[in-house]
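The structure under discussion appears below in the form of structure tokens.
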Amino acid sequence: MTSLVRHLTIDCSDAYRLASFWAEVLDGTLAEDDLPGDPEATVTAAGGALLFVTVPDAEAGKNRVHLDLQPQDLDRDDEVERLLALGASLVADHRRADGTGWVTLADIEGNEFCVERSAAERAG
């Protein structure tokens, strides 16, 4: 018997607030019993689940693990704009003149993630 990944766990300062942000990003849902102030909150979305756990420690440095997002309904650039409007911040822009590359953003608590090209852009 092997194991499977049940969810990816992310330490944070406010589990419900950060889970709410990621639920918007991923068009996912929070668990019905997750409420503001809870020490944990779970987002379920296509492709898996994210568990957010409130911890007292601040982020000490660069993430060793991060999410790479591939837009489904928008192209990369439109998705970056949507995420910035949700409260993400630009960390680094790695887009190239030929249309390849990615954009590194940070969520509302500073956790970095990347936005890659959509499948249509890759096939294009």
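Quick check on my filter: what residues within the stretch 4-40 are at pLDDT 95 or above, among the polar types (S, T, N, Q) and touching a Leu at 6+ places or on another chain (Cβ under 8 Å)?
S20
For the stretch 31-45, name all the residues that are free of Cβ contacts under 8 Å to residues at least 24 places away in the same chain and open to solvent by 40 Å² or more (accessible area, probe 1.4 Å).
Start the filter on the stretch 31-45 by keeping residues that are free of Cβ contacts under 8 Å to residues at least 24 places away in the same chain, which leaves 31-38, 44-45.
The answer is E32, D33, L35, P36, G37, D38, T44.
If the requirement is being of a type outside the set (S, T, Y), open to solvent by 80 Å² or more (accessible area, probe 1.4 Å) and closer than 19 Å to W22 by Cβ, which of these qualifies: R64, R76, R96?
Working: R76 fails: open to solvent by 80 Å² or more (accessible area, probe 1.4 Å); R96 fails: closer than 19 Å to W22 by Cβ.
Checking each option against the conditions leaves just R64.
Only one residue in G48, G28 is open to solvent by less than 80 Å² (accessible area, probe 1.4 Å) and free of Cβ contacts under 8 Å to residues at least 24 places away in the same chain, so which one is that?
Details: G48 fails: free of Cβ contacts under 8 Å to residues at least 24 places away in the same chain.
Answer to the check: G28.
Check D73, D68 and return the single one that is free of Cβ contacts under 8 Å to residues at least 12 places away in the same chain and closer than 22 Å to S118 by Cβ. Steps first, please.
On the way: D68 fails: free of Cβ contacts under 8 Å to residues at least 12 places away in the same chain.
That would be D73, the only listed residue that is free of Cβ contacts under 8 Å to residues at least 12 places away in the same chain and closer than 22 Å to S118 by Cβ.
Yes or no, residue by residue, for (1) at pLDDT below 95; (2) more than 27 Å from C12 (Cβ to Cβ):
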residue	(1), (2)
L67	yes, no
R82	no, no
A88	no, no
V91	no, no
R95	no, yes
G110	yes, no
F113	yes, no
R117	no, yes
G124	yes, yes
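Checking the condition free of Cβ contacts under 8 Å to residues at least 24 places away in the same chain and aliphatic (A, V, I, L, M), which residue from L86, L90 passes?
Answer to the check: L90.
The values are calculated or read from the model by the stated rules, or taken from the named source; none is laboratory data. None of these values were measured; they are calculated from a predicted model. Every residue, glycine as well, gets a Cβ built from its backbone with ideal geometry; the counts of neighbours run over all protein chains shown. For accessibility, only protein heavy atoms count, side chains too; no ligands or nucleic acids. Shrake-Rupley method; radii C 1.70, N 1.55, O 1.52, S 1.80 Å.
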